[in-house]
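One structure is given here, and the rest of the page talks about it.
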Amino acid sequence: MLYLAVNPSNPDQIYAVTGDGTAAVTEDGGINWLKEKIIPSE
């Protein structure tokens, strides 16, 4: 885990970024996560 951010207005919304370039977001406090591969800009 490189980065973890919690929305102060909605603590159930959490964003995470991992070392392999995957970003994930949850809207329910971590029960379900939506993951996407980040494509680096050139």
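None of the figures in this text is laboratory data; all of them are computed from the coordinates on show. Please read these numbers as outputs of a predicted model, since none were measured by experiment. A quick note on method: Cβ atoms are made from the backbone with ideal geometry, for glycine too, and the neighbour counts reach across all protein chains shown.
Grab the strands (runs of 3 or more DSSP E) fully contained in the chain, keeping just those with 3 or more residues being surrounded by 10 or more Cβ atoms within 10 Å (Cβ to Cβ).
3-7, 10-17, 22-26
Are there any pairs with C-beta distances below 9 angstrom linking a residue in region 5-32 that is at positive phi to a residue that is surrounded by 13 or more Cβ atoms within 10 Å (Cβ to Cβ), with the two at least 6 apart or on different chains, and if so which?
Correct list of pairs: G29/Q13; G29/I14; G30/I14.
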